[in-house]
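Some notes on the structure that comes next.
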Amino acid sequence: KAGVTQTPRYLIKTRGQQVTLSCSPISGHRSVSWYQQTPGQGLQFLFEYFSETQRNKGNFPGRFSGRQFSNSRSEMNVSTLELGDSALYLCASRPSRDRGQESSYNEQFFGPGTRLTVL
Amino acid sequence: LAKTTQPISMDSYEGQEVNITCSHNNIATNDYITWYQQFPSQGPRFIIQGYKTKVTNEVASLFIPADRKSSTLSLPRVSLSDTAVYYCLVGDMRYTGNQFYFGTGTSLTVIP
């Protein structure tokens with residue numbers, strides 16, 4: 001089974017621009033989460049999507065947004081880029097279920113990340 | 001949101017056993033404890049997961065005391081390729097809507 005894929009792997013943008021990153025989860029996984037990783041702040045949760053709906057959101061400004069498509073693929077967008085947005089953006093998928101449904105699977109799988117550099 | 005505390009860094013010689021302890025005082029009843037390994041510029045990779053007592057797989061062991069307020073990852077006979085950052089994560093990944101706190105992680109350096 002193929003793992004989580006993220007595109008592009010590397011990206012260079014300038015301040016004020018916007019960027020869209022893409023994530024394809026493992027086949028059958030309906031939950032996709034996004035994380036930002038920087039040397040100063042570590043791994044921070046951005047948001048989670050499940051069945052095309054945002055289920056949870058971390059403490060990030062509104063410039064960070066995302067969406068999920070019917071095939072579970074997800075995109076995240078950052079508008080009006082700032083220097084501090086330079087980071088490794090990680091996507092993780094898991095076969096989560098809504099509460100009330102049975103699931104014994106309890107693991108999330110990470111993609112290789114997209115390295116964004118803002119100049 | 002269950003927060004975790006780990007040592008920032010550790011050094012070990014090749015061939016030794018390494019134990020990394022994580023504190024998670026506010027762990028909830030349904031939370032599992034999961035450890036990840038991360039190399040530079042790569043996504044975290046699952047190592048081991050447990051709920052209570054002891055779990056062992058081909059790469060590591062996980063010890064969880066009865067009160068579950070801490071856990072210890074044990075890496076037997078480490079090699080240079082085990083140099084990485086190790087994260088302890090507490091939560092229930094079976095359902096959506098849960099947020100996970102990675103903490104600072106422990107940077108392990110294996111010395112030849």
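The values are calculated or read from the model by the stated rules, or taken from the named source; none is laboratory data. All values reported here derive from a predicted model rather than from experimental measurement. Cβ: placed from backbone, ideal geometry, glycine included. Neighbour counts: every protein chain shown. The area values use the complete protein model at the heavy-atom level, side chains included, leaving out ligands, DNA and RNA. Shrake-Rupley method; radii C 1.70, N 1.55, O 1.52, S 1.80 Å.
Structural remarks
- Filter pass, B:VAL59 being aliphatic (A, V, I, L, M), open to solvent by less than 10 Å² (accessible area, probe 1.4 Å) and more than 18 Å from B:LYS3 (Cβ to Cβ): no
- The set of residues in segment B:92-112 being crowded, with 20+ Cβ neighbours inside 10 Å and more than 9 Å from chain A (Cβ to nearest Cβ) consists of B:THR106, B:LEU108, B:VAL110.
- Those residues of segment B:21-37 which are open to solvent by 10 Å² or more (accessible area, probe 1.4 Å) and within 9 Å of chain A (Cβ to nearest Cβ), in sequence order: B:TYR32
- The condition of being in contact (Cβ under 8 Å) with a residue 24 or more places away in the chain, surrounded by fewer than 16 Cβ atoms within 10 Å (Cβ to Cβ) and over 19 Å from A:SER65 (Cβ atoms) holds for only one of A:ARG9, A:ARG15, that being A:ARG9.
- Scanning segment A:29-74 for residues that are open to solvent by 60 Å² or more (accessible area, probe 1.4 Å), more than 11 Å from every other protein chain (Cβ to nearest Cβ), within 19 Å of A:VAL4 (Cβ to Cβ) and not hydroxyl-bearing (Ser, Thr, Tyr) turns up A:GLU52, A:ARG67, A:ASN71, A:ARG73.
- Scanning segment B:42-56 for residues that are open to solvent by 20 Å² or more (accessible area, probe 1.4 Å) and closer than 19 Å to A:GLN108 by Cβ turns up B:GLN42, B:ARG45, B:PHE46, B:GLN49, B:TYR51, B:VAL55.
- Which listed residue, of B:VAL18, B:VAL85, is more than 21 Å from A:PHE47 (Cα to Cα), modelled with pLDDT of 95 or more, among the β-branched types (Val, Ile, Thr) and touching a helix residue (DSSP H, G or I) at 6+ places or on another chain (Cβ under 8 Å): B:VAL18
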